[in-house]
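Presented below is the structure to which this report refers.
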Amino acid sequence: MEQHTVRFAKVLSLILATWILTSCYLPETMTSAGCTPDNVLDCLVELQEGSASETEGETVDDVEWPLPSTEFLETFDPAAPFPLDPVVMTGRLDNGLTWYIAPNDDPPDRARIALAVGVGSLHEDDDQLGVAHFLEHMLFNGTENFTQEEMRRFFEANGMTMGPHVNAGTSFERTTYYLDIDTSNQELMDNAFVILGDWAMRGLLEQEEIDKEKGVVEEEWRLATENASGRIQKRIFEVVLAGSRYADRDVIGDMDIINGLTSETVRRFYEDWYRPDLMTVVVTGSVNPEWVEARIREQFGAMRMPQDARPSPESAIMPMEGMTVAPFSDPEFPFVSAQVFQLVETEPFETLGDARRRFVESLAQAMLNERLDRISREPDSAFQYAGLSSGELGIGGVSLASLYVQLAEDKALLGFEAALTNLRQAMEHGFTDGELHRAKLNLLEAYASDFEALETRRNRQIQGGILSLVQYGDPFSGIAFEYDLAKHYIPTITLADVDAYIANALDVNRSLILWVGPDKDDFQLPDEAAVLAAVEAVGDMAIAAYEDDSLAAGTALMDVLPEPVAWVTESYDERTDVTVLTWANGATALLKPTDLTENEVLLDLSSPGGLSLIEDADYFAAQLVTTTANESGAGPFDYDDLEQLLAGQTVRVWTSLGGLSEGYGASADTDDIETLFQLMYLSVLHPRFDEDAFQNAVDDQRVYLENLHLDPLYHLIELIDRVLYDNSTRERFMQVEDLDAIEFADAVSIHEARFGTLDNPVVVMAGDFELEAAKRLLNTYIGSLPTGEEEAWTDRTVDTRQGPYMESIRHGIASQVFVYQVHVDRDLEEFSDADLAAVGALSKILDSRYTDELREQMGGTYGVSASVSARNRPGPSGSFSVFFGTNEEDFEAMRDASKAIMNDILDAGVTQEEVDAAKAQLTRDLENRQTRNWYWIGELEREFLYGDRDLALVDRRQEYIDAITAEHISAMAALLLKPNGLVELMQLPEASEE
């Protein structure tokens, strides 16, 4: 399934033990209700019109639910397998390689290409631990058609950067390579398939390049494992995967084996496993399918299966029997969590008849999680967050059910008990009619929203769905079919269905109960006896049924609408396709209807001022204002009321308080625009600011701050704050003492000062809406707002230490070194738009040079971030910074190399090849951003709230990029790069301190 799948994206994530990405698969069958393929339409109508239920506890909603399409109903067969999305073409070469091609024009002139190899660390021999991942690295370091440098330069010259446009990933059982290319560039299209073929079978794997890459992979290993999350993950893997081959096949591998790797060992893995029967090519985007198929045949058709091809190893993960308590603590882990974790054999999900239970699961989990969310927002809540989820693990033939609980130290066992109690309450008493009704509305709306945006599905979405089909067996039937299935099944689901599921959703007596937290003198994780006693106590409790506080039927968001006030001026800018309206109350609206994303409307209302008008003494209190406001509700409705009132609608409004402005952001489906305006109107004129929400924000912040010092990187940030900004309140981290000093009255005063009135607000609206209808809504909900007091932001820029200066600290038990080099200059003249474009190009060139030297040549880091920036608000300033992680043996040489790169640019300038590549990358970035509504919101607001209100400037970004020259870049480098004026801050491991 595409948007609504149950899948573990990662197995047992670093911090939370597992990241569970949950939504819903498609559904089961109606045969129990007497439905057959022949009578399904009449049967569904009968069910929806409310025929009497024969099952105790079943209810029928008095709702006119949407019906599936006639075509769907005429062909529906619960025994049939899931169809493939009709937009997708597929085939198989004679050698066994499979291909999928999905033409798609959003974004235009773009395609995503993937080579999926059904191979990972599970396939490694005992002397190859880590080779699957290492090979993935090596295929970027030289092939028959491209050296490492040629490949990198080719990508950069075509506007591509590592990460967004060129990437790869390795897991236990699969390795995937990705390209995101410009299909209007025929040379790039041709070479993309050559590179794909090179990765599949023409990697050079030269010993010299292997030796250089060992350092890079070791630094990746250091980043992944030499920290609290990595250490805890390793211990969890040992428990959960015990007895399986997975337990001995960590993807990053064994560093002793990696450091001794030979070309022969890597090539043996390459030749054994990179073979056509384990490969799939997936292409989505603006492509000619026939041409793409021809390129696939051209590049891969001659690929041959090896003689005596090895069978892929199999390894099962055993379902759990009995209850096990496993506490894992680490001196650098800053949070406390508990997770009840049950592994069971995966149920078949192969036919449409298997689908209904997934809807039932999704609805039940949504209802329970809504209850848990409400409790987490109560004052003095026993837990910060709790949630139930389930899904296939993706390996070992097992699925997982999990109750995860985020906890405060002083309520760890209490919070665990509270979450279990709420789970047991649902298991024993089930749900209510009101809860199920709202959950159905929300789930159907999620599918409807995706269906309405069908024509603007992004390539990434389609490719992700196909890869899930290839790698996990997830159905990929297309949004239209999924929506029909949702309309077919969701209305028929009853309380009896969801109650039956939740009653058996998680068997605590057959689970692993993971506890994770800090190892420190003043806190201990609950021991096994305490946890077992808590489980037993919850099991013995007499628990009353849940009471649902439903709003009265027919409750409206607004009973009386404001009188419309017409705009006083209207203008239109043809270049940007933007209509500008103004009102007598000082409000200005910029309207840009687009077809960039169907069924999406974004809106931003902002007023100048923001945090710049907050005094230092109130700065930390101001940081709690938006969280409190966003969890308080609006008008007469608290947060929970709004959740009920907005069920079945896709609309959000949130409060924002930035450095130079304050206001509200909003998003909605096209059909819900008026609800968006009403909710924003209530938020502006009748805001809520509840003390309970404030106290909850304080409690959450306290839990976050109390153990922040356990994370070694916090001490580097603390060093940066002290050295660069002299511990300025406006730059440093909040401390617990700062939090203790904040009173509710302080937050109320700040909220009233910043949001009590909005002076001369700028409203920017972009997306899928009808212009004249939007104008009418603006007259009603914006034109009618009262006139505010005029304000302007002020410059609160904090002075920054100038170099040369160097300081290091020792902290952390891992063998990591982090280096931060920075120079900030605030004594500058205002930058022109052309200057800013040249600075952007310089930043691209710096990042490329640093990556090439520090990673590719020196092998001293897994990744380096180097950038230069410039801005005019709140005052002209520029900065250069570089950050990388490495080891004690290499960090001095890496520091020197960093300065040498800067000096080389200052002395010799940049090459024309670098300029062309940077311009291509900036152009690509701009083209990608301009296909998003949020880009236009930001650009238009920036120009009208802070700039000269010249819409022509918004449309000239590409002109400035085209005009970039090597001379202009060198001039910006001379202005902003100060290798002899750097502030250099380093964190070294305390373990090596003498």
Q: Would you confirm whether any residue within the range 326-340 is modelled with pLDDT of 95 or more, part of a helix (DSSP H, G or I) and farther than 30 Å from residue 84 by Cα?
A: no
Q) Out of the range 877-904, which residues are over 16 Å from residue 982 (Cα atoms), out of contact with any strand residue (DSSP E or B) (no Cβ under 7 Å at 6 or more places or on another chain) and crowded, with 16+ Cβ neighbours inside 10 Å? A) 890
Q. Looking at this structure, is residue 322 of a type in the set (Gly, Ala, Ser), in the same structural domain as residue 410 (by TED's automatic domain parsing) and surrounded by fewer than 16 Cβ atoms within 10 Å (Cβ to Cβ)?
A. yes
**Q.** Any pair with Cβ under 6 angstrom, 6 or more apart, that starts in the range 157-183 at a residue that is closer than 16 Å to residue 464 by Cβ and in the same structural domain as residue 275 (by TED's automatic domain parsing) and ends at one that is surrounded by 19 or more Cβ atoms within 10 Å (Cβ to Cβ) and polar (S, T, N, Q)
**A.** 169/176
Q: Please indicate, with yes or no, whether at least one residue in the range 964-980 is within 18 Å of residue 925 (Cα to Cα) and outside the structural domain of residue 765 (by TED's automatic domain parsing).
A: yes
Q: Could you run through the range 575-592 and say how many residues are at negative phi, part of a loop (DSSP other than H, G, I, E, B), in contact with a strand residue (DSSP E or B) (Cβ under 9 Å, 6 or more places away or on another chain) and surrounded by fewer than 18 Cβ atoms within 10 Å (Cβ to Cβ)?
A: 0
Q. Any chance the range 112-120 includes a residue that's assigned to a helix (DSSP H, G or I), in contact (Cβ under 8 Å) with a residue 24 or more places away in the chain and at negative phi?
A. no
Q: Please enumerate the residues belonging to the range 346-377 that are surrounded by fewer than 24 Cβ atoms within 10 Å (Cβ to Cβ), touching a helix residue (DSSP H, G or I) at 6+ places or on another chain (Cβ under 7 Å) and assigned to a loop (DSSP other than H, G, I, E, B).
A: 348, 377
Q: Identify the residue in the range 223-271 that is surrounded by fewer than 21 Cβ atoms within 10 Å (Cβ to Cβ) and of a type in the set (S, T, N, Q) and, among all such residues, is nearest to residue 818 (Cα to Cα).
A: 225
Q.
residue 864 - would you say it is surrounded by 16 or more Cβ atoms within 10 Å (Cβ to Cβ) and under 17 Å from residue 972 (Cα atoms)?
A. no
(Q) Which of the numbered conditions does residue 280 fail, given that it passes all the others? Conditions: (1) of a type in the set (Ser, Thr, Tyr); (2) more than 34 Å from the chain's Cα centre (by Cα); (3) buried (at least 19 other Cβ atoms within 10 Å of the Cβ). (A) (2)
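Is it the case, given these coordinates, that residue 474 is crowded, with 20+ Cβ neighbours inside 10 Å, in contact (Cβ under 8 Å) with a residue 40 or more places away in the chain and either in the same structural domain as residue 106 (by TED's automatic domain parsing) or in contact with a helix residue (DSSP H, G or I) (Cβ under 6 Å, 6 or more places away or on another chain) (or both)? Break it down into steps so the answer makes sense when it comes.
On the way: crowded, with 20+ Cβ neighbours inside 10 Å: yes; in contact (Cβ under 8 Å) with a residue 40 or more places away in the chain: yes; either in the same structural domain as residue 106 (by TED's automatic domain parsing) or in contact with a helix residue (DSSP H, G or I) (Cβ under 6 Å, 6 or more places away or on another chain) (or both): yes.
For residue 474, the condition - crowded, with 20+ Cβ neighbours inside 10 Å, in contact (Cβ under 8 Å) with a residue 40 or more places away in the chain and either in the same structural domain as residue 106 (by TED's automatic domain parsing) or in contact with a helix residue (DSSP H, G or I) (Cβ under 6 Å, 6 or more places away or on another chain) (or both) - is met.
Select from the range 856-870 the residues that are closer than 22 Å to residue 611 by Cβ and in contact with a Ser or Thr (Cβ under 6 Å, 6 or more places away or on another chain) and list them in ascending order. Before the answer, list the steps.
First pass over the range 856-870, keeping only residues closer than 22 Å to residue 611 by Cβ: 869-870.
869 - this is the single residue of the range 856-870 that is closer than 22 Å to residue 611 by Cβ and in contact with a Ser or Thr (Cβ under 6 Å, 6 or more places away or on another chain).
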(Q) Against the definition (acidic (Asp, Glu), buried (at least 18 other Cβ atoms within 10 Å of the Cβ), assigned to a loop (DSSP other than H, G, I, E, B) and touching a residue at least 24 places away in the same chain (Cβ under 8 Å)), how does residue 77 come out, yes or no? (A) no
Q) All but one of (1) in contact with a Ser or Thr (Cβ under 9 Å, 6 or more places away or on another chain); (2) touching a residue at least 60 places away in the same chain (Cβ under 8 Å) hold for residue 379; which doesn't? A) (1)
Q) Within the range 394-401, can one find any residue that is modelled with pLDDT of 95 or more and of a type in the set (Val, Ile, Thr)? A) no
Q: For the range 397-408, state whether one or more residues are within 24 Å of residue 596 (Cα to Cα), touching a residue at least 12 places away in the same chain (Cβ under 8 Å) and within 24 Å of the chain's Cα centre (by Cα).
A: no
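Just to be sure, is residue 294 out of contact with any Lys or Arg (no Cβ under 8 Å at 6 or more places or on another chain), surrounded by fewer than 21 Cβ atoms within 10 Å (Cβ to Cβ) and modelled with pLDDT of 95 or more? Even if it seems obvious, please write down each step before you answer.
Details: out of contact with any Lys or Arg (no Cβ under 8 Å at 6 or more places or on another chain): yes; surrounded by fewer than 21 Cβ atoms within 10 Å (Cβ to Cβ): yes; modelled with pLDDT of 95 or more: yes.
For residue 294, the condition - out of contact with any Lys or Arg (no Cβ under 8 Å at 6 or more places or on another chain), surrounded by fewer than 21 Cβ atoms within 10 Å (Cβ to Cβ) and modelled with pLDDT of 95 or more - is met.
Sort through 483, 447, 501 and tell me the only one that's touching a Pro at 6+ places or on another chain (Cβ under 9 Å), farther than 30 Å from residue 277 by Cα and of a type outside the set (Asp, Glu).
On the way: 447 fails: touching a Pro at 6+ places or on another chain (Cβ under 9 Å); 501 fails: touching a Pro at 6+ places or on another chain (Cβ under 9 Å).
Going through 483, 447, 501 in turn, the sole match is 483.
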Q.
Please go through the range 729-784 and give me each residue that is in contact with a strand residue (DSSP E or B) (Cβ under 9 Å, 6 or more places away or on another chain), in a loop (DSSP other than H, G, I, E, B) and at pLDDT 95 or above, ordered by number.
A. 768, 769, 770, 782, 783
Q | Among the candidates 185, 104, residue that is buried (at least 21 other Cβ atoms within 10 Å of the Cβ) and either modelled with pLDDT of 95 or more or not small (Gly, Ala, Ser) (or both) | A | 104
(Q) Just to be sure before I move on: is residue 572 surrounded by fewer than 19 Cβ atoms within 10 Å (Cβ to Cβ) and closer than 30 Å to residue 553 by Cβ in the structure I sent? (A) no
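The values are calculated or read from the model by the stated rules, or taken from the named source; none is laboratory data. These figures come from a predicted structure and were not determined experimentally. FYI the Cβ positions are ideal-geometry reconstructions off the backbone, even for glycines, and counts take in every protein chain you see.
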